[in-house]
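Undergrad: Next up is a structure, given as structure tokens.
The values are calculated or read from the model by the stated rules, or taken from the named source; none is laboratory data. This structure is a prediction, so every number in the text was calculated from the model and none was measured. Here the Cβ positions follow ideal geometry from the backbone for every residue, glycine too, while neighbour counts run over all protein chains shown. The accessibility values were calculated without ligands, DNA or RNA, using every heavy atom of the protein model including side chains. Shrake-Rupley method; radii C 1.70, N 1.55, O 1.52, S 1.80 Å.
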Amino acid sequence: MLAVDREHEYHNSLAAASTGVGADVVDYLPGQGVLVVAFIPEAITYDDSAVAANLTRVAASVRRLHAGPAFANRFDIFAIQRRYLDIMRDNAFRLPDGYGELLPVASRMEVALAVHPEDLVPCHNDLLAANFLDDGLAVRIVDYEYSGANEPGFEIGNIAQEAHLSTEQLAALVAAYYGRADAGLIARATLWGIASAYAWTLWGTIQSGLGAGDFDFWAWSMDKFDRARTSFADPGFEKLLDTVGAAR
């Protein structure tokens, strides 16, 4: 249901490992969903504050991943969101109040981001803090379930969204990754972060609808949705759309 392809995950994990960013792949059992990767010794798992304190090192590892071998598939957060919404409706799962009313706003964002797209690179696409491991030499990146070719700006914006980075920290991450922090790049990453929060909301509501585990997926989803809804309503949202549509 959640758009995970194990064959793609395996291929992309091998590609990531070849860059030195991902963990080495030890074994894979086709058709059984079993992937074994090497343990990274003496590594510290990041939390949000560690991401914020290591933006330059995080950007360097992400850049290294993006420069590596091509991934096997394309990742499109807007297509994922539409797929998830169909699953929600088909299963009559509970949808957050007001989610549907924001679909036209999300569509405008998708159109704006498509005006001047970036070249696609191998992206992780799910860089919450816990997927960063610091072994003392470099920041390693694990868990390639949602990996696929995507725009670098999505990766940057999603990191900011997942780690709850401030506007200033997002700008610093953009500067660390691109070597510059012009308004167009910052606006693009900002919009991708909003898009990811809006889409990943449904990842959690599907889990909630399925009764998956003891974790409170509904509360997790509402945090995503509240931040997306607040961003959509922000007076600066229209300026972000204008900036992305005009910037090259």
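Undergrad: Counting only residues that are more than 27 Å from Ile206 (Cα to Cα) and either touching a residue at least 24 places away in the same chain (Cβ under 8 Å) or of a type in the set (S, T, N, Q) (or both), how many does region 15-44 have?
TA: So the answer is 14.
Undergrad: While we're on this one: Yes or no: region 191-198 includes at least one residue that is without any contact (Cβ under 8 Å) to a residue 60 or more places away in the chain and not small (Gly, Ala, Ser).
TA: Within region 191-198 (the criterion being without any contact (Cβ under 8 Å) to a residue 60 or more places away in the chain and not small (Gly, Ala, Ser)), the answer is no, since none of the residues qualifies.
Undergrad: Follow-up question, since we're still on this one. Going residue by residue through region 200-208, is there one that turns out to be over 19 Å from Ile77 (Cβ atoms) and either open to solvent by 10 Å² or more (accessible area, probe 1.4 Å) or among the β-branched types (Val, Ile, Thr) (or both)?
TA: yes
Undergrad: Suppose we filter region 131-153 for residues that are of a type in the set (Phe, Trp, Tyr) and within 15 Å of Val58 (Cβ to Cβ); how many remain?
TA: Count: 1.
Undergrad: Please specify each residue of region 11-43 satisfying the condition of being part of a strand (DSSP E or B) and either of a type in the set (D, E, K, R) or within 16 Å of His66 (Cβ to Cβ) (or both).
TA: Selection gives Asp27 alone.
Undergrad: If you scan region 46-61, which residues turn out to be open to solvent by less than 40 Å² (accessible area, probe 1.4 Å) and assigned to a helix (DSSP H, G or I)?
TA: Selection gives Ala50, Val51, Ala52, Leu55, Val58, Ala59, Ser61.
Undergrad: If I filter region 147-169 for residues that are open to solvent by 30 Å² or more (accessible area, probe 1.4 Å), farther than 28 Å from Tyr99 by Cβ and more than 12 Å from the chain's Cα centre (by Cα), do I get at least one hit?
TA: Yes: region 147-169 contains one or more residues that are open to solvent by 30 Å² or more (accessible area, probe 1.4 Å), farther than 28 Å from Tyr99 by Cβ and more than 12 Å from the chain's Cα centre (by Cα).
Undergrad: Further question on the same structure: For region 79-129, how many residues meet the condition of being closer than 19 Å to Thr201 by Cβ and in contact (Cβ under 8 Å) with a residue 60 or more places away in the chain?
TA: So the count comes out to 23.
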